[in-house]
Amino acid sequence: MKKATRAAYGEALAEYGSNERIIVLDADLSKSTMTASFKELYPERFFNTGIAEANMISSAAGMATCNKIVFASSFAIFAAVRAAEQIRNSVCYPKLNVKIAATHAGISVGEDGATHQAIEDIAIMRALPNMTVIQPCDGRETKQAVKAIIDYNGPVYLRLGRLAVEDIYDNSYEFQIGKGVQLKDGCDVTIIATGLMVKPALDAYEALRAQGILARVINIHTIKPIDKEIIIKAARETGAIVTAEEHNIIGGLGSAVCEVLCDELPAPVKRVGIEDKFGKSGKPEDLINLYSLTAENIVIKAKIAMALKRQ
Amino acid sequence: MEQELLLKLKRKAADVRKNIIDAVFSAGSGHPGGSLSCADILTVLYFKHMNVNPSAPKDPDRDRFVLSKGHASPVLYSVLAEKGYIPKKDLLTFRQADSYLEGHPSLKDVPGVDMTTGSLGQGICAACGMAQMGKLDKRGYRVYAILGDGELQEGQVWEAMMYAAHYKLDNLTAFLDHNGLQIDGDITKVMSPEPVAAKFEAFGWNVIIIDGHDMNQIDNAVEKAKKTKGKPTMIVAETVKGKGVSYMENQYGWHGKAPNQEQRDKAIAEIDAYIENLGV
């Protein structure tokens with residue numbers, strides 16, 4: 001079944017919302033970010049700040065000093081980019097228990113176009129000390145991530161999408177903050193993907209297999225703190241890496257993987273992502289093709305990475 | 001208020017002013033002007049009104065204080081030292097690499113600091129969040145905040161003004177330290193936020209205008225704020241930047257500059273003379 005991670009976020013808030021420490025804030029987008037489902041059930045713990053993201057983040061910090069678990073939601077571009085300095089100084093520096101649950105990340109926002117498509121938010125959030133950055137790949141992972149970050153005391157950036165995405169996991173899945181998940185084993189190359197790129201990564205696995213290439217596929221839902229072990233092991237055992245993300249190739253998952261490898265075990269890495277340009281209007285599926293966030297591109301990059309392996 | 005208490009508070013504010021001078025002098029940097037301008041306000045709050053206990057700095061029922069103009073950290077640290085939250089001698093480590101007394105207040109580092117501030121405009125928003133939670137949890141605590149008048153140029157302040165009035169945060173009392181000066185000069189020449197009182201009123205706040213160095217007026221305004229229902233209160237405190245040190249008064253050059261040894265000695269001598277005059 002297809003479900004947007006933002007929809008799963010709304011469901012999770014409703015499901016776990018009976019915890020009276022939970023407060024939810026929104027900046028006039030509650031029907032889009034899906035926090036409206038929490039508002040319905042727990043109106044006394046929901047606060048609309050109006051279209052004022054800076055105040056939303058800083059007041060969330062004040063609430064968190066009162067032993068609350070505060071979820072602050074807006075589109076990624078307004079939460080993580082417009083209010084970046086509030087997140088840094090009001091939330092991360094004092095390490096307060098605020099969860100920035102940002103929806104409509106990436107170009108899959110679609111028709112609203114470049115002004116509403118955050119392509120740099122992971123880079124910004126990842127560079128903040130004390131911040132944890134999580135991007136789930138499907139509805140089940142989202143719900144479990146929400147549960148996990150309720151239990152985790154500290155700032156979190158939860159990156160969510162507008163577009164409905166296919167299930168990757170079944171009910172047996174267990175999410176753990178900071179733990180990458182190997183979805184397919186292989187010895188020739190490793191595809192490390194996050195968010196809605198996990199599905200094309202699995203499709204690329206099939207395409208490569210049909211050509212006799214065995215790819216390992218890893219889902220990195222926690223981009224910070226990143227699972228170094230699973231990345232180093234993949235580099236050691238497969239010798240070549242492809243990363244795939246719906247984000248600028250500068251500063252996101254690809255950069256995070258390269259940072260691990262250049263410190264620990266240098267290996268060829270090719271990055272699939274948005275090639276340092278702004279998005280545009282269009283149907284999400286059309287944009288995904290236009291920006292080459294596809295299984296085909298992952299296959300091409302996988303072969304290039306393999307060719308770069310040391311002999 | 002009673003004469004005896006008034007004298008005591010005046011003496012306390014004078015001690016706070018000496019602490020400010022010595023902290024900034026020791027650091028060789030910092031913000032004396034805007035610390036001195038709100039020293040009387042913090043003194044009345046901490047020593048007459050606020051329900052706080054230095055041995056339980058995280059008590060969920062305590063009153064909160066947010067120094068939205070975080071660069072005035074010397075006044076907050078000085079009051080916290082006088083109140084017994086931190087040792088007075090630590091003030092002399094202000095801004096040093098081996099000290100916990102950061103240039104701007106950090107709640108993780110300093111007992112008694114309720115919110116990390118320094119980036120202007122953010123503290124007042126955090127104060128709104130605290131007041132909102134006080135209402136939600138039906139706790140009787142009050143939240144106090146101090147804004148600088150230059151700080152009003154930050155758009156985020158006005159987001160908070162809307163928010164506090166919209167949610168009827170009558171447990172929130174903010175002070176405007178209206179000393180009229182910012183780093184680059186006169187606030188009306190740099191970027192005028194005037195008329196400030198009319199703006200706060202238009203945003204739905206209860207506004208009280210006082211002489212920010214008259215402790216009776218500060219006291220009365222806080223009492224009025226406590227009795228005001230359905231609205232947050234903004235106390236527009238007309239103040240003098242650098243108050244209490246003659247050569248710093250009304251001089252924007254003393255916004256962010258430390259006195260040298262000679263200037264420090266002169267400032268302390270002036271305040272000591274003032275204390276002697278008080279006779280307490």
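State, in square angstrom and to the nearest 100, the accessible area buried between chains B and A, both chains counted, probe radius 1.4 Å. If you can, show how the numbers build up before the last one.
Details: alone 11610 and 12560 Å², together 22180 Å².
Approximately 2000 Å² gets buried when B meets A.
Taking all protein chains as present, what is the carbon and sulfur share of the accessible area of region A:3-165, in % to the nearest whole number, probe 1.4 Å? Please list the in-between numbers first.
Working: 2350 of 4740 Å².
The computed percentage sits at 50.
Normalised by the residues of region A:181-307, what does the relative contact order come to in percent, with Cα pairs under 8 Å and at least six apart?
30 percent
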- Message: Rounded, prolate or oblate, given the Cα gyration tensor of region A:3-165, with a/c below 1.5 counting as rounded?
- Response: rounded
- Checked against the positive end of the charge dipole of region B:124-280 (+1 on Cβ of Lys and Arg, -1 on Cβ of Asp and Glu, about the Cα centre), the farthest of B:245, B:225, B:132 is B:132
- Message: Give me the tail of P(r) for region B:55-141 as a percent: Cα-Cα pairs with distance above 15 Å.
- Response: 59 percent
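Based solely on its DSSP helices, what 222 nm [θ] is calculated for chain A when runs of n ≥ 4 H residues each add -39,500 (n - 2.57) and the sum is averaged over all residues, nearest 500 deg cm²/dmol? Don't skip to the end; give the middle numbers.
Details: 11 runs with 109 residues, N = 311.
Taking each H run of at least 4 residues, the total per residue is -10500 deg cm²/dmol.
Kindly identify region B:168-280 as rounded, prolate or oblate by the Cα gyration tensor criterion: order the square roots of the eigenvalues as a ≥ b ≥ c, call it rounded if a/c is under 1.5, otherwise compare a/b with b/c, prolate if a/b is larger, else oblate.
Values: a/c = 3.38, a/b = 1.53, b/c = 2.21.
Verdict is oblate for region B:168-280.
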- Classify region A:181-307 as rounded, prolate or oblate, taking a ≥ b ≥ c as the square roots of the eigenvalues of its Cα gyration tensor: rounded when a/c is under 1.5, otherwise prolate if a/b is larger than b/c and oblate if not. oblate
- Can you tell which of A:198, A:238, A:107 lies farthest toward the positive end of the dipole of chain A, using +1 and -1 charges on the Cβ of basic and acidic side chains (Lys, Arg; Asp, Glu)? A:238
- Task: Report, in whole Å, the centroid distance computed from the Cα atoms of region B:253-280 and region B:89-119.
- Result: 23 Å
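Test of understanding: express the Cα radius of gyration of the protein assembly as shown as a ratio to 2.2 N^0.38 Å, with N the residue count.
Ratio of Cα Rg to 2.2 N^0.38 Å: 1.10.
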- Message: Rounded to the nearest 20 debye, what is the charge dipole size of region B:3-278 about its Cα centre when +1 sits on each Lys and Arg Cβ and -1 on each Asp and Glu Cβ?
- Response: 800 debye
- Query: What are the residues whose amide H is under 5 Å from the amide H of residue A:247, where those residues sit 5 or more places off or on another chain and H is modelled from the backbone?
  - Reply: A:274
- Task: Could you let me know the centre-to-centre spacing of region A:222-250 and region B:24-84, using Cα atoms, in angstrom?
- Result: 47 Å
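With +1 on each Lys and Arg Cβ and -1 on each Asp and Glu Cβ, and nothing else charged, work out how big the dipole of region A:181-307 is about its Cα centre, in Debye to the nearest 20. Working shown, then result.
Values: 15 positive and 17 negative charges, 20 e Å.
That gives region A:181-307 a dipole magnitude of about 100 debye.
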- Query: Build a GNM of chain B with springs between Cα atoms under 10 Å: which of B:170, B:265, B:15 gets the top mean-square fluctuation?
  - Reply: B:265
- For region B:109-118, just list the computed ³J(HN,Hα) in residue order, Karplus coefficients 6.51, -1.76 and 1.60, θ = phi - 60°, integers in Hz, with x standing in for Gly and Pro. 9, 10, x, x, 7, 8, 8, 6, 9, x
- Query: Expressed as a rounded percentage, what relative contact order does chain B have, with Cα pairs under 8 Å and six or more residues apart?
  - Reply: 24 percent
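Per residue of chain B, what 222 nm ellipticity follows from adding -39500 (n - 2.57) for every DSSP H run with n ≥ 4, rounded to the nearest 500? If you can, show how the numbers build up before the last one.
On the way: 10 runs with 118 residues, N = 280.
It lands at -13000 deg cm²/dmol.
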- Query: Can you tell me the accessible area per residue over chain A, all protein chains present, probe 1.4 angstrom, in square angstrom?
  - Reply: 37 Å²
- Task: Compute the acute angle (0 to 90°) between the alpha-carbon long axis of helix B:261-278 and the principal axis of greatest extent of the alpha-carbon atoms of chain B; round to the nearest 10°.
- Result: 70 degrees
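When the dipole is taken about the Cα centre of region A:175-227, and only Lys, Arg (+1) and Asp, Glu (-1) are charged at their Cβ, what size is it in debye, to the nearest 20?
Numbers: 6 positive and 5 negative charges, 30 e Å.
The dipole of region A:175-227 has a size of about 140 debye.
Over 20 Å, how big is the tail of the calculated P(r) for region B:1-112, in percent of all Cα pairs?
Details: 2243 of 6216 pairs.
More than 20 Å apart: 36 percent of the Cα pairs in region B:1-112.
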- Per the Cauchy relation, a quarter of the hull surface: what is the mean projected area of the convex hull of the alpha carbons in chain B, in nm²? 13.4 nm²
- Could you give the distance between the Cα centres of region A:123-146 and region B:199-222, to the whole Å? 44 Å
- With Cα coordinates, the longest principal axis of chain B makes an angle with the long axis of helix B:3-27, in degrees rounded to 10, of 70 degrees
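Counting only protein heavy atoms, what percent of the accessible surface of chain B is carbon or sulfur at a 1.4 Å probe?
49 percent
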- Average Cα contact separation per residue, region A:1-111, under 8 Å, 6 or more apart, as relative contact order %: 27 percent
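The values are calculated or read from the model by the stated rules, or taken from the named source; none is laboratory data. It should be emphasised that the depicted structure is a prediction, and the values quoted were computed from it without experimental measurement. All Cβ positions, glycine included, derive from the backbone under ideal geometry; neighbour counts span all protein chains shown. Each accessible area value is taken on the protein alone, full model and side chains, heavy atoms only, with ligands, DNA and RNA left out. Shrake-Rupley method; radii C 1.70, N 1.55, O 1.52, S 1.80 Å.
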